[in-house]
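This report concerns only the one structure given below.
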Amino acid sequence: MAYLQKDPIAPTIDKLRHHRVLVIDDFVNFRTAVKGMLAGLGVAHIVDAFDGESALLRMSASKYDIILCDYNLGPGKDGQQVLEEAKHYKYINYMTIFMMVTAENSMDMVMGVVEHMPDDYLIKPFTKQMLEKKLLSVLEKKIALREIIQTVEMMEYDRAVILCDEMIKKGPKHIREVLRIKGEVFAKIEDHQQTEAFYKELSAMGKMPWAMFGLGKCQYQQGRLEDAKETFTELIKINDKVMAAYDWLAKVHDAMGNPQEAQAILVKATEISPRALERQRELGAIAQKNQDLQTAVKSFKTAITYGKNSAFKAPSDYTILAKVLVEADSPQEGLNVLGDAQQAFHRDPGATVQIGLAESLVYQKLNRQEDARESINKAIKATEKMAVRVPADIELELAKALILNGDGDRGKEIVRKMIQSNHENEGLITETKKMFAGLNMAQEGQELLDAAVEEVAELNNQGVKLVKEGNLAKATSYFDRAAEKLPDNTLINANAAYACMLDMKKNGKTIEGIQKAQTYLERVYRNDPQYRDLPNLLTVYREISKEPLSWMTATF
Amino acid sequence: MDDSDVLDFSDILASTMHDTKNSLGMLYHTLEAMIGRCQERGCPVQKDHYLLQYELRRLNHNSIRMLSLYKAKKAKFPISLDYHSVGDCLDEAIIVNEPLLSSKGVDIELECPTDLFWSFDRELIMGILDSVLNNEYLYTKDRLTVSAGSKDGYLVIQLEDNGPGYPEYFLMDSREKSGSAGSHVSFLTGSTGLGLYFSALVAKSHTKEGREGFIRTMNGGRYNGSVFTLHLP
């Protein structure tokens, strides 16, 4: 049999022998069959699981190199959810091979967004040879693309584009993946013209869903809503299983001032794929906007149901539902929902804050002022717990409740801290102004905001001055204190990272210094993964450390 | 009773087919394990096992086809285009069919430039190739060549064998409306006919700049047997 010329560095089955494999399927016969095949390939360490929950439990206990997961796992989580949660919890990294096994063909499956795609699909029934071939080709692909992925994660975007072009020139072996990565890099640099030209050129050669999707997103980002609408509509016409296209089309319609149309599209999408939590939330929000309370209630209830036992459950699903129920004149049911919320999140003080606030609103509606105050007190008490993290909009709500309940000083202190953590967030500052205006405190609010922003700017300027003067040791310890005070402020943490890295470049590396830099950089990324100076900071970081940061998956 | 309460018969068929397909999968895996054990011991009944495997794969292809057609009727044919290495796809299709074909002593050859890439729906096209290759178990004598290349803006994939060739009523070019596969009801009774009809449908759903894909069946070729050709724009 005459074969294609094989890549000389292509991995062989010996490479797979020492891999640890997890087989997930609800049919025991199938699990047995696959385990038999793997054993036949010489794989020694094989473990199985019968549903998504137990699979994730296994992944949390030990690391697997290969995961073969059936898409349809019965009543619990499906294969796509298993994949997304495994990624979320970092049970799997770039080198982990995740294969989705499907009963017939993937036409039946909805397509997730690019970041959440499995490495490949296996269609039942498959043979041992097929399994071997697919595993090896995925492994080979991962090894070949690893450097490019590392470069992207390190935010060295220019170099990533060069590497992509080199790979394309070398031969068409992994052209599909390389082109995808290249498009994503262009989008990350936010060079809209280049991104659009790139995707347009690709679409001209064949209407590939991912290229059309990238094109539509790019058109939306440039505010060209008509074009974006056309692109996403065409994409859905070509392949009605690309679910992210519905989400974006709805977004486009909403931006065009057609929330009714947006709702209709999301309804259709949730009919095709009801399990997607985020989409149910979007539908609920848009239905609420359209005053279609019945649909809003239904969507948030569905989100709660599918969110149970999931990594992506959120207290806001319950609190928004409760508020919608109040709007729909069912405050009592709202209270019940919040009771469920308390149970579902009883160990999360951040959620307790959120739930307490929602509860106080419901009690007010029921004219139970005493209980309303009690709920607010519960929320405040929860904020005093250690390590509680509350989203800024909830803090704003809390401040408002405090001011309304006659504890203005405490409310204003919360606002001050929140603004200091987010002093460059224009949207949040506008929201805060609106809140003060609504409370007839516009003047006082403005003064408070100005003072808070001014204080951070001053704090930062002092440190920057020390850096400029070359007093790096002093600058470092100055920013250490500033970052300790404002651990959620992106600018302060970015400058703290910069000062301490500069200090190490000049005066030598220390383990402690590297750890500090990592902490600051990870905070910056957590607050804003697109932070403008992050690529530059990472360039400096690479000079002092090769250790991967928390969001990097390909650097193991 | 409301109309919506009555289950559509095609829905019942499809769901039964789905379940049947799962059973077929299990049968197939069991058989594969049996063949493996047989090989180790050198049992004399091995040939029969391969025939079983061939028939199981045929059943499996039939049910996939049925389910796909059912879905195409319900909604529409979702096409998922992407760039693929043609050589890798053909290689994979051959690997799956090799044990069966080599049990009959068929020599498979693959001729494909390593740098040949094309955009198509991998799964649908692989389904066609897999089905045609599996059929070769019955039809070819001992030779089979799979070749691919680009010609006049089309990707051309060709399978040539040294079997007896297609009977006259199977010779077709899916671009021609009359006398082609799918036009005769009687033609649809056999699995091969339905297979050709389905292959033509999949090919046709691949379009580029106003051009559509198509299939052809001919007799002759390098081994004077049957020739199956798939053209994709």
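Some points to look at:
- Members of the stretch A:84-105 that become less accessible by 30 Å² or more once partner protein chains are added (1.4 angstrom probe, chain alone as reference): A:Ala103, A:Glu104, A:Asn105
- Lys/Arg +1, Asp/Glu -1 at C-beta; the stretch A:270-314 dipole; positive extreme among A:Leu283, A:Ala296, A:Phe312: A:Phe312
- Taking label points 7 Å from Cα along the Cα-to-Cβ direction, B:Asp8 and A:Phe312 give a separation of 2.9 nm.
- The base-10 log of I(q)/I(0) for the stretch A:413-475, evaluated at q = 0.20, 0.22, 0.25 Å⁻¹, reads -0.73, -0.82, -0.97 [Debye formula, identical scatterers on Cα atoms, solvent excluded].
- When only the Cβ of Lys, Arg, Asp and Glu is charged (+1, +1, -1, -1), the dipole of the stretch A:150-226 relative to its Cα centre reaches about 360 debye.
- Once Rg and the Kirkwood radius are both taken over the C-alpha atoms of chain B, their ratio Rg/Rh works out to 0.98.
- At R0 = 22 Å, FRET efficiency that the Cβ-Cβ distance of A:Lys546 and A:Lys506 yields, to 0.05: 0.65
- Stokes-Einstein diffusion coefficient of chain A, Kirkwood radius over Cα pairs, 37 °C, 0.692 mPa s, in µm²/s: 123 µm²/s
- The stretch A:160-175 and the stretch A:282-344 have Cα centres spaced 47 Å apart.
- When the listed pairs A:Lys87/A:Lys313; A:Lys207/B:Lys74; A:Lys289/A:Lys381; A:Lys217/A:Lys241 are checked against a 27 Å cut-off, the alpha-carbon distance exceeds it for A:Lys289/A:Lys381.
- Rounded percent of accessible protein surface that carbon and sulfur make up, the stretch A:259-370, 1.4 Å probe: 48 percent
- Distance in nm between pseudo-label sites at A:Leu293 and B:Glu209 (7 Å out along the Cβ direction from Cα): 5.8 nm
- Averaged over its residues, the stretch A:82-240 has an accessible area of 42 Å² per residue, based on protein heavy atoms and a 1.4 Å probe.
- Hypothetical label at B:Met26: residues of the stretch A:23-38 whose amide nitrogen lies under 18 Å (7 Å Cα-Cβ projection): A:24-37
- Put A:Leu225, B:Leu27, B:Leu13, A:Leu16 in order of accessible area, highest first, and with a 1.4 Å probe you get B:Leu27, B:Leu13, A:Leu225, A:Leu16.
- Chain B - mean residue ellipticity at 222 nm from DSSP helices (-39,500 (n - 2.57) per run, n ≥ 4, rounded to 500): -17000 deg cm²/dmol
- Bins of 10 Å from zero: percent of alpha-carbon pairs in the stretch A:407-517: 14, 39, 24, 15, 6, 1
- Estimated at 0.36 nm per residue, the fully extended path between A:Asp14 and A:Asn471 surpasses their Cα-Cα distance by 159.0 nm.
- Chain B and chain A together bury an accessible surface of about 4100 square angstrom, both sides counted, with a 1.4 Å probe and no ligands or nucleic acids included.
- Solvent-accessible area of the stretch A:372-444 (1.4 angstrom probe, protein heavy atoms only): carbon and sulfur portion equals 49 percent.
- A simple charge model with +1 on the Cβ of Lys and Arg, -1 on the Cβ of Asp and Glu and nothing else charged puts the dipole of the protein assembly as shown at about 1280 debye relative to its Cα centre.
- Selection from A:Thr195, A:Asn461, B:Gly25, by position along the positive dipole direction of the protein assembly as shown (Cβ): B:Gly25
- Averaged over the residues of peptide A:355-368, the number of Cβ atoms from other protein chains lying within 10 Å of each residue's Cβ is 0.
- Calculated accessible area for the stretch A:411-556 comes out at 51 Å² per residue, all protein chains present (probe 1.4 Å; ligands, DNA, RNA ignored).
- Per-residue shielding of A:123-132, expressed as the average number of other chain Cβ atoms within 10 Å of the residue Cβ, stands at 6.
- Taking every protein chain into account, the accessible area of chain B amounts to 46 square angstrom per residue (probe 1.4 Å).
- Solvent exposure ordering (accessible area, 1.4 Å, most first) of A:Lys134, B:Lys104: B:Lys104, A:Lys134
The values are calculated or read from the model by the stated rules, or taken from the named source; none is laboratory data. Computed from a predicted structure; not experimentally measured. A quick note on method: Cβ atoms are made from the backbone with ideal geometry, for glycine too, and the neighbour counts reach across all protein chains shown. When the accessible area is computed, the model is the full protein with side chains, heavy atoms only, and any ligands, DNA or RNA have been set aside. Shrake-Rupley method; radii C 1.70, N 1.55, O 1.52, S 1.80 Å.
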